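Engineer: First, the structure itself, so that you have it in front of you.
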Amino acid sequence: MKTSRRNGESRKFDANFKGPIHNRGCTDVLCCLLFILFLFGYFAVGILAWSQGDPRKVIYPTDSRGQFCGQAGTPLEKKPLLFYFNILKCTSSLVLLEFQCPTTQLCVESCPTKHLTLLKAKLSLDKKDQEYYKQYCKEGTNFSKMSAPEILREGLCPAMLIPSQAFTRRCLPALGTLKGVVVVGKETTLDDGVGDKVNATDLLDAAKKSNVVVEARQVAMRIFEDYTVSWYWILLGLLIAMVISLIFIVLLRYLAGVMIWVMIVSVILVIGYAIFHCYVGFANMKGDPGANVTIKDLGLQTNFSIYLQIRQTWLAFMIILAIVEVVIILLLIFLRKRIRIAIALIKEASRAVGHVMSALFYPLLTFFLLSMVIAYWAVTAVFLSTSNEQVYKVFNNTECAYSRDTCDPKTFNTSNIMAECPDAECLFAFYGGETLYHKYLIVLQFYNVFLFFWCANFVTALGQVTLSGAFASYYWAYKKPDDIPAYPIFSSLGRALRYHTGSLAFGSLILSLVQIIRVFLEYLDHKLKGAQNKCARFMLSCMKCCFWCLEKFIKFINRNAYIMIAIYGKSFCPAARDAFFLLMRNFTRAVDKVTDFLLFLGKLLIVGIVGICSFFFFSGRIKAVEEAAPSLNYYWVPILTVVVGSYLIAHGFFSVYAMCVDTLFLCFCEDLERNDGSSDRPYYMSPELHEILSK
């Protein structure tokens with residue numbers, strides 16, 4: 001009796017109970033109102049961000065006046081490229097601090113193609129040189145009447161032009177190598193126009209710092225090119241994954257037991273083949289020149305195929321796959337008795353899915369709603385991050401008390417700064433602001449992230465309540481399928497939205513708070529990476545681990561609470577309590593994690609089949625279709641896309657099964673407590689399920 005009190009009272013027989021209760025009232029109304037209020041606030045933040053933000057700031061390069069180069073409908077429409085007066089100043093540490101070179105930047109039509117100094121252009125008898133040079137000076141410069149020293153003193157033109165090429169819409173030095181030496185236009189040194197010489201290696205350092213993401217952009221461009229030539233093959237691969245998933249679901253409906261064992265054996269064989277393939281790749285490279293280079297020595301390479309040319313990569317793959325194989329085999333050995341119970345539940349779930357086929361298509365609605373939530377969050381985040389104003393600062397070459405102070409370019413020439421610092425310039429530095437809106441911009445970003453978590457968790461919760469309500473209707477139908485209500489998915493969705501929006505918002509809010517704390521801990525961990533305080537790092541790691549466990553536990557509680565809400569229509573807290581106590585009273589029968597493991601093996605099998613086929617196709621190893629395979633920079637790009645997409649597709653289908661199994665198990669536990677199998681109190685479960693689970 002003690003155990004019964006500790007884990008709550010068992011359910012009593014109720015002749016009127018026929019499954020999900022229809023006469024129910026609204027639950028957790030206060031949380032529903034709070035959720036709606038926060039949603040209105042979210043929309044207000046979005047409108048505010050859209051009115052203040054300007055995504056062009058991350059698309060177009062910006063000149064020293066904060067104007068966008070190449071923007072349509074502006075005077076700079078035909079000047080899409082950004083030109084630096086003195087690229088050498090980009091070696092300054094200021095570039096890393098404020099992401100801005102301390103030199104005048106100008107929007108131009110094309111990059112300079114030859115080396116020419118201002119003095120040579122002024123002294124040249126050829127007017128073409130003067131016209132050529134003038135296009136890289138500030139607008140309104142009187143190039144013919146002003147002397148070279150006056151032009152340089154006013155900062156109207158660069159001291160020299162060097163051969164450049166456009167990259168990421170910026171004019172960077174056209175660097176190359178000649179017999180192992182860095183050159184610019186076949187020259188190792190250049191005249192800077194003021195009597196000094198500039199080495200090509202100095203220009204190389206400046207070019208690297210002026211665009212710190214050059215390598216990343218190169219990789220991104222190559223990946224984009226691969227997508228443009230392989231997208232239709234990727235779609236075909238995802239379509240094949242969907243067909244295989246549907247075939248698998250249909251076969252589970254009629255051959256659940258056989259399919260589960262076929263799936264287990266197939267996963268072991270697929271991983272075993274992958275281990276063998278890695279071993280062959282590792283063994284065949286023995287003695288190859290350069291194959292024994294380590295990944296650490298190789299460093300970060302933009303051409304990822306290089307990693308497949310060293311033995312250590314194949315050895316690492318082989319070890320990882322071998323560990324996965326051993327873990328799966330050990331789990332199957334230790335869980336062999338539980339697998340029989342899990343198979344019985346999956347068989348019953350297959351029957352339920354067969355009678356509620358519309359449940360297989362519900363993940364499409366979840367995917368659509370999540371896509372809207374993600375899109376709204378991403379767009380709002382971009383507009384918030386680009387809603388700062390243009391900030392101008394004082395840049396100078398000599399000592400100046402006003403260095404890096406904010407300034408106004410309209411009044412700068414008549415200010416005291418020019419009198420004290422003759423070489424100073426008022427240049428665009430970055431986007432920021434000192435208004436109330438800009439001061440609380442980080443708070444708005446935090447609010448955006450928090451509402452993203454809350455809305456995403458709410459959509460997931462809505463899907464769980466809808467599916468569990470539909471499958472509970474199936475279980476509590478005494479004569480199946482005659483007693484199953486019409487359109488169970490739509491009925492369950494309607495009940496969830498009409499009565500339980502507050503309960504779903506409550507459960508989602510608790511989970512979102514934990515997730516936000518985890519994000520904050522990750523931020524602290526990133527900030528403390530360079531710290532020497534080992535105690536603080538240890539405590540932070542412990543907190544991250546604890547909150548990870550807490551998140552998993554809350555997800556488990558929420559999932560079962562939503563099932564009880566779908567059946568009884570209770571508020572979140574009573575439903576969570578009843579579900580938890582019901583599971584505790586039937587702790588020895590719990591097999592939900594075993595079924596999750598078996599369904600995960602099904603996902604792995606589908607991903608493995610599609611992944612191996614795509615690997616042989618995109619790598620050109622199938623001779624029959626070798627010519628049809630697209631030419632790629634990185635053949636792993638479409639392979640990885642197909643693998644991830646296949647997993648998401650398989651997860652969408654199998655998540656329906658997982659929710660069905662969890663719902664049927666809770667209903668089974670309720671059935672055992674309410675009924676005894678007699679003619680007056682018959683069981684609603686199938687005889688096969690009762691035979692296995694009641695032991």
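Engineer: What figure in square angstrom, to the nearest 10, would you give for the accessible area of His355 with a 1.4 Å probe?
Structural biologist: That residue has around 80 Å² of solvent-accessible surface.
Engineer: Would you list the P(r) distribution for segment 605-695, with all Cα-Cα distances sorted into 10 Å bins from 0 and each bin expressed as a whole %?
Structural biologist: Per 10 Å bin, starting at zero, the Cα-Cα P(r) for segment 605-695 comes out as 14, 27, 16, 14, 13, 11, 4, 0 percent.
Engineer: For Gly66, which sequence-distant residues (separation of 5 or more, or a different chain) have an amide H within less than 5 Å of its own amide H, given hydrogens modelled in the peptide plane?
Structural biologist: Phe428
Engineer: Which loop trypsin sites (Lys or Arg not before Pro) in segment 446-539, with loop taken from DSSP, have no more than 12 other Cβ atoms within 10 angstrom of their Cβ? Don't jump to the answer; show the numbers that get you there.
Structural biologist: Details: sites: Lys479, Arg495, Arg498, Arg518, Lys527, Lys529, Lys534, Arg537; in loops: Lys479, Lys529.
Passing both the DSSP loop test and the Cβ count: Lys479, Lys529.
Engineer: While we're looking at this one, here's another question. Would you mind checking Lys544/Lys593; Lys347/Lys593; Lys114/Lys138; Lys138/Lys393; Lys79/Lys134 for any pair whose Cα atoms are more than 21 angstrom apart?
Structural biologist: Lys544/Lys593, as the Cα separations exceed 21 Å there.
Engineer: In debye, nearest 20: dipole of segment 620-686 around its Cα centre with unit charges on the Cβ of K, R (+) and D, E (-)?
Structural biologist: On the way: 4 positive and 8 negative charges, 92 e Å.
Charge dipole, segment 620-686, about its Cα centre: 440 debye, nearest 20.
Engineer: Principal axes first, then extents: for the Cα atoms of segment 311-401, list largest minus smallest coordinate on each axis, whole Å, largest first.
Structural biologist: 80, 47, 22
Engineer: Between Gly677 and residues 5 or more places away or on another chain, which pairs have amide H atoms under 5 Å apart, with H built 1.01 Å from N, and which residues are they?
Structural biologist: Result for Gly677 returns Tyr683.
Engineer: On to the next question. Taking amide hydrogens as modeled 1.01 Å from N in the peptide plane, which residues meet the under 5 Å criterion relative to Arg170, leaving out close sequence neighbours?
Structural biologist: Here Leu82 satisfy the definition.
Engineer: How large is the Kirkwood hydrodynamic radius of segment 334-482, in angstrom, based on all distinct alpha carbon pairs? Don't skip to the answer; put the middle values down first.
Structural biologist: Numbers: mean 1/r = 0.0465 Å⁻¹.
That comes to 21.5 Å for segment 334-482.
Engineer: Also, quick follow-up: Convex hull volume of the Cα atoms in segment 462-611, per residue, in Å³? Show your work: numbers first, answer last.
Structural biologist: Working: hull volume 27.8 nm³, N = 150.
Spread over its residues, the Cα hull of segment 462-611 gives 186 Å³ apiece.
Engineer: Compute the convex hull volume of the Cα atoms of segment 555-677, divide it by the residue count, and report the result per residue in Å³ as a whole number. Please report the intermediate quantities before stating the final value.
Structural biologist: Details: hull volume 17.5 nm³, N = 123.
That works out to 142 Å³ per residue.
Engineer: Still on this model: At 1.4 Å probe size, put Ser387, Ser655 in order of accessible surface, largest to smallest.
Structural biologist: Working: Ser387 0, Ser655 40 Å².
Putting Ser387, Ser655 in descending order of accessible area: Ser655, Ser387.
The values are calculated or read from the model by the stated rules, or taken from the named source; none is laboratory data. The model shown is predicted, which means the values in this text are computed figures rather than measured ones. Don't worry about glycine lacking a Cβ; one is built from the backbone with ideal geometry, like all the others, and counts go over all protein chains shown. SASA here: full protein model, heavy atoms, side chains in, ligands and nucleic acids out. Shrake-Rupley method; radii C 1.70, N 1.55, O 1.52, S 1.80 Å.
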